[in-house]
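The values are calculated or read from the model by the stated rules, or taken from the named source; none is laboratory data. Remember, predicted model here, so these are calculated numbers, not experimental data. All Cβ positions, even for glycine, are placed from backbone atoms using ideal geometry, and neighbour counts span all protein chains on display.
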Amino acid sequence: MSIKTGLVNGVATIEIARPEKKNALTMAMYEDMASALKAAGENPAVRAVLFTGQPGIFTSGNDLEDFMQRPPQGMDSPVFRFMKALLDSDKPVVVAVTGAAIGIGTTMLLHCDLVYVADNARLAMPFVSLGLVPEFASSLVVPALMGHRKAAEKLLLGDPFTAEEAVECGVANAVLPADEVLPHARRVAERFNALPPSAVRQSKHLMKRWTAEGVMASIGAEAEVFGKALRSAEAREAFQAFFEKRKPDFSKF
């Protein structure tokens with residue numbers, strides 16, 4: 001199993017567990033994560049959800065081979081079902097990030113409630129370098145957090161950013177030593193056991209309701225452009241270069 005789940009002391013853990021592939025995400029893994037989020041939401045014993053990866057790697061983003069074989073086909077695709085499940089989660093979602101969080105590994109953090117990153121964390125959204133466009137409403141949320149110019153560095157140039165930068169721009173709550181991130185995130189998640197669950201859910205809903213419509217509109221607009229970009233000559237060159245382990249040549253476009 002590439003996605004491991006468990007429930008301990010009121011915390012439903014969703015663990016990305018594919019270290020041999022740098023925790024690259026397949027469509028089947030998106031399905032499993034969406035199902036785990038839905039199950040957590042329906043289980044009254046769950047007070048919070050905790051996402052984590054493996055030591056030294058959160059996720060390298062999409063498994064490109066799987067992604068090309070099973071590209072998203074509309075909003076009912078596994079990746080979009082995962083996005084909707086995360087957005088619809090009325091339980092607090094806490095994340096522990098160590099190592100790389102690439103692509104959706106970064107954009108999913110934008111929609112979680114409490115994010116803790118290791119001092120070795122490296123975040124990046126290299127969509128443009130793959131001939132693609134931002135996803136998971138990052139074209140809306142990242143400029144809102146960072147301002148247009150910083151967002152241009154991260155989304156247009158694909159510049160990676162450090163754990164400290166993630167905290168400075170509001171993507172994460174705090175930086176910790178790598179071996180302390182997961183225990184700290186779990187302690188934070190367990191704090192919800194002592195809080196009234198209905199008040200927590202209602203408060204989260206009130207916090208999210210003002211941006212929910214814009215986020216869904218952004219995801220829909222991005223998905224339309226993303227689908228076209230995925231079939232473009234630029235994306236073909238970028239993906240072929242990735243598989244051939246060479247630099248892409250965009251000079252002819």
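Residue count for segment 221-239 satisfying the condition of being surrounded by fewer than 13 Cβ atoms within 10 Å (Cβ to Cβ) and either more than 24 Å from the chain's Cα centre (by Cα) or within 17 Å of V141 (Cα to Cα) (or both): 1. Just so you know, in segment 61-88 the residues that are surrounded by fewer than 22 Cβ atoms within 10 Å (Cβ to Cβ) and of a type in the set (S, T, N, Q) include one that is modelled with the highest pLDDT, and it is S77. Contact map, segment 146-172: first residue on the phi > 0 side of the Ramachandran plot, second residue part of a loop (DSSP other than H, G, I, E, B), Cβ cut-off under 8 Å, separation 6 or more or different chains; pairs are G158/M125; G158/P126; G158/F127. Please specify each residue of segment 75-98 satisfying the condition of being free of Cβ contacts under 8 Å to residues at least 60 places away in the same chain and not in a helix (DSSP H, G or I). Result: D76, S77, S89, V93.
Being of a type outside the set (A, V, I, L, M, F, W, C) and surrounded by 13 or more Cβ atoms within 10 Å (Cβ to Cβ) is the filter here; which residues of segment 194-219 pass it?
The first filter runs over segment 194-219 and keeps only residues of a type outside the set (A, V, I, L, M, F, W, C), leaving 196-198, 201-205, 208-209, 211, 213-214, 218.
Hits for segment 194-219 are P197, R201, S203, K204, K208, T211, G214, S218.
The set of residues in segment 39-60 that are surrounded by fewer than 21 Cβ atoms within 10 Å (Cβ to Cβ), assigned to a loop (DSSP other than H, G, I, E, B) and in contact with a helix residue (DSSP H, G or I) (Cβ under 9 Å, 6 or more places away or on another chain) comprises P44, V46, P55, G56. Quick check on A124: is it small (G, A, S), free of Cβ contacts under 8 Å to residues at least 12 places away in the same chain and touching a helix residue (DSSP H, G or I) at 6+ places or on another chain (Cβ under 7 Å)? So A124 does not fit the description; no. Applying the selection to segment 226-247, what residues are without any contact (Cβ under 8 Å) to a residue 40 or more places away in the chain and outside any helix (DSSP H, G or I)? If the condition is that a residue be without any contact (Cβ under 8 Å) to a residue 40 or more places away in the chain and outside any helix (DSSP H, G or I), then R231, K245, R246, K247 are the ones that fit.
I'd like the full set of residues that are farther than 17 Å from L110 by Cα and either in contact with a helix residue (DSSP H, G or I) (Cβ under 9 Å, 6 or more places away or on another chain) or among the aliphatic types (A, V, I, L, M) (or both), limited to segment 70-84. Within segment 70-84, R70, P71, P72, Q73, G74, M75, S77, P78 qualify. Being buried (at least 16 other Cβ atoms within 10 Å of the Cβ) and among the hydrophobic types (A, V, I, L, M, F, W, C) is the filter here; which residues of segment 18-38 pass it? Result: A24, L25, M27, M29, M33, A34, A36, L37.
Taking into account only those residues within segment 127-143 that are farther than 13 Å from S218 by Cα and free of Cβ contacts under 8 Å to residues at least 60 places away in the same chain, which is surrounded by the most Cβ atoms within 10 Å (Cβ to Cβ)?
Restricting attention to segment 127-143, the residues satisfying the condition of being farther than 13 Å from S218 by Cα are 127-132.
The next check asks that each one be free of Cβ contacts under 8 Å to residues at least 60 places away in the same chain; those that pass are 127-128.
Details: F127: 23, V128: 16.
Only one residue tops the list, namely F127.
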